[in-house]
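J.: Sharing a structure with you now.
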Amino acid sequence: MAAETGAAVAGRTAEELTNGTGAAAMSETILVTGATGKVGERLVPRLLAWRSAGDEVRVLVRTADAAARFEALGARAVVGDVTDAADRKQALDGVTVVVNSAAAFRGLAQSPETMYVVNRDAAVALAREAAEAGVRRFVQISTNLAYGPGIGRPLREDDELRAVAGEAYSAYPHSKAEAEEQLRALSAEAGLDVVTLRLAFVYGEGDPHIEEVLPRFAGQAAHSLLAMVHHADVAQAVRGAINTLGQADGPVRAGLADQPEQGGQAGRADHPGQAGGVAHPGQAARVDQPGQADRADHPGQAARVDQPGQAGRADHPGQAARVDQPGQAGRADHPGQAGGVAQPGQAGRADQPRHGAYRAYNVAGDGASTMVELFDLVGRSFDVEAAAGREAADPWFGIPDTTRAYRELGFRPIYPTARAAWRDGAL
């Protein structure tokens, strides 16, 4: 957005200029592609609700009808196609952050060729053009299926992406994996901060995704596992990705307004020093260690341990877990950086040089669902008798370790399991 004049700045209060943090406030213009897709259409209303004064949420959509729907919500719409260079250029004008959720998905009768054009080629072209346009951060929506076969333990972000081309249902994960590899190289080459979110199976809020996949899963072993993530938690991860890395030329603004989503969160408290978890089935809410004061974590907050004598405080979503020392002002650390001490006069600062940082995060709930549970969620019965004797061919397939997202994005699932979402009427 256009810079303010000196007179305009002079006419605003210190509180307005700093978002109450003491750091320079900066308006964001966030472009969301794929806004009519499963993820995008549920993400955009949340971004609109979380924006601060002066922020803009922009969508790139293919039809005038879709543009009208989003404009009625308060977004600015650009009609065009993510595969068209001229449309991308128009959409990127003045943008500071891109959230690329555009995807050609395997369940929509898309050809493999289309998946590579949209999921890989258009994504990389958009990122390159974003760097040329001065965008400070590019958030790529990817999939945990990009890892390919399991490796005998939960999958971590630094593991090789081994999605195989040429097999059934393979074009979607393989095109996403190739996009990631090219985006990583582009990040270093063009000096663009890229954050990739590898989503587990996405569900919730009226998304028919579960019912769409049941025919494929009917032949699985009853105890086969599916890592899942609710749309509310996808949005939480996106917000963390937007707010986590810093500007090269000054303090980070407070970011999207930190208004945690209420309701649906099973009560839990984190163990001191514990950040994150692995999506294992049947995990119950965690319990406080003896001597810890009860507290409720808001979605997007990182676990923390207060030092004796410190007054309680609420962390902002997107902040990394940390232990506060007496007299230190808190700040949000960059992915991969150890916690640091804010200098006097700094607040909410992240000092990441603009050298093309790349970081990936697994995003999933705390517990995977068995096939029996998955069918039961939507009122269907899994044929246990027919499944007798079946073994899970790859018991660790798609099961992610979410520790990094917990530690660095402040990720805390609102719906730790699909059963919790069912309980709260959020399917």
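The values are calculated or read from the model by the stated rules, or taken from the named source; none is laboratory data. All figures in this text were calculated on a predicted structure; none of them were measured in a lab. Glycine also receives a Cβ, built like all others from the backbone with ideal geometry; neighbour counts cover every protein chain displayed.
J.: Can you name every residue in region 145-180 that is surrounded by 14 or more Cβ atoms within 10 Å (Cβ to Cβ), under 20 Å from A357 (Cα atoms) and either among the hydroxyl-bearing types (S, T, Y) or out of contact with any Lys or Arg (no Cβ under 6 Å at 6 or more places or on another chain) (or both)?
T.: The answer is R156, D159, L161, K176, A177, E180.
So that you can scan it fast, the table gives a plain yes or no per residue for (1) at pLDDT below 95; (2) closer than 25 Å to S170 by Cβ; (3) not hydroxyl-bearing (S, T, Y):
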residue: R184; (1), (2), (3): no, yes, yes
residue: V194; (1), (2), (3): no, yes, yes
residue: G206; (1), (2), (3): no, no, yes
residue: A218; (1), (2), (3): no, yes, yes
residue: G264; (1), (2), (3): yes, no, yes
residue: R268; (1), (2), (3): yes, no, yes
residue: H271; (1), (2), (3): yes, no, yes
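J.: If the Cβ limit is 8 Å and pairs must be 6+ apart or interchain, which residue in region 139-162 that is farther than 25 Å from V118 by Cα and modelled with pLDDT of 95 or more pairs with which residue that is of a type in the set (V, I, T) and assigned to a loop (DSSP other than H, G, I, E, B)?
T.: Final answer for the pair search is G150/I399; P154/I399; L155/I399.
J.: Okay, next question. Just to be sure, is P416 part of a loop (DSSP other than H, G, I, E, B), touching a residue at least 60 places away in the same chain (Cβ under 8 Å) and within 16 Å of P154 (Cα to Cα)? Reasoning before the result, please.
T.: On the way: part of a loop (DSSP other than H, G, I, E, B): yes; touching a residue at least 60 places away in the same chain (Cβ under 8 Å): yes; within 16 Å of P154 (Cα to Cα): no.
For P416, the condition - part of a loop (DSSP other than H, G, I, E, B), touching a residue at least 60 places away in the same chain (Cβ under 8 Å) and within 16 Å of P154 (Cα to Cα) - is not met.
J.: Here's a follow-up. Criterion first (within 25 Å of D207 (Cα to Cα) and at pLDDT below 95) does T63 satisfy it?
T.: Values: within 25 Å of D207 (Cα to Cα): yes; at pLDDT below 95: no.
Against the criterion (within 25 Å of D207 (Cα to Cα) and at pLDDT below 95), T63 does not qualify.
J.: Please specify each residue of region 119-144 satisfying the condition of being buried (at least 21 other Cβ atoms within 10 Å of the Cβ), of a type in the set (A, V, I, L, M, F, W, C) and more than 14 Å from L183 (Cα to Cα).
T.: Within region 119-144, V135 is the sole residue that qualifies.
J.: Among residues belonging to region 184-196 that are buried (at least 24 other Cβ atoms within 10 Å of the Cβ) and hydrophobic (A, V, I, L, M, F, W, C), point out the one that is nearest to T402 (Cα to Cα).
T.: V195
J.: Still on this structure: If a residue has to be at pLDDT 95 or above and more than 28 Å from D424 (Cβ to Cβ) to count, how many in region 353-382 make the cut?
T.: 3
J.: Sticking with this structure for a sec: Considering only region 72-94, state which residues are aliphatic (A, V, I, L, M) and surrounded by fewer than 21 Cβ atoms within 10 Å (Cβ to Cβ).
T.: A72, L73, V78, V79, A85, A86
J.: How many residues are of a type in the set (D, E, K, R), more than 30 Å from M26 (Cα to Cα) and within 21 Å of the chain's Cα centre (by Cα) if we restrict to region 136-184?
T.: The initial filter retains those residues of region 136-184 that are of a type in the set (D, E, K, R), namely 136-137, 153, 156-160, 162, 167, 176, 178, 180-181, 184.
Pick out the ones that are also more than 30 Å from M26 (Cα to Cα) and you get 153, 156-160, 162, 167, 176, 178, 181.
Retained after the next criterion (residues that are within 21 Å of the chain's Cα centre (by Cα)): 156-160, 176, 178, 181.
Number satisfying all stated conditions: 8.
J.: Consider T96 against the criteria (1) modelled with pLDDT of 95 or more; (2) in contact with a helix residue (DSSP H, G or I) (Cβ under 8 Å, 6 or more places away or on another chain): it satisfies all of them except one. Which criterion is unmet?
T.: In the conditions (1) modelled with pLDDT of 95 or more; (2) in contact with a helix residue (DSSP H, G or I) (Cβ under 8 Å, 6 or more places away or on another chain), T96 misses (2) alone.
For (1) closer than 26 Å to A177 by Cα; (2) aliphatic (A, V, I, L, M); (3) assigned to a loop (DSSP other than H, G, I, E, B), each residue gets a yes or a no:
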position: R359; (1), (2), (3): yes, no, no
position: N362; (1), (2), (3): yes, no, no
position: G365; (1), (2), (3): yes, no, yes
position: V372; (1), (2), (3): no, yes, no
position: D376; (1), (2), (3): no, no, no
position: E385; (1), (2), (3): no, no, yes
position: E391; (1), (2), (3): no, no, yes
position: F397; (1), (2), (3): yes, no, yes
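J.: Return yes when D401 is under 17 Å from D158 (Cβ atoms), touching a Pro at 6+ places or on another chain (Cβ under 9 Å) and acidic (D, E) and no when it is not. Spell out the reasoning first.
T.: Numbers: under 17 Å from D158 (Cβ atoms): yes; touching a Pro at 6+ places or on another chain (Cβ under 9 Å): yes; acidic (D, E): yes.
Criteria met by D401.
J.: Which condition from (1) buried (at least 16 other Cβ atoms within 10 Å of the Cβ); (2) of a type in the set (S, T, Y); (3) closer than 18 Å to A222 by Cβ is the one that S381 breaks?
T.: (1)
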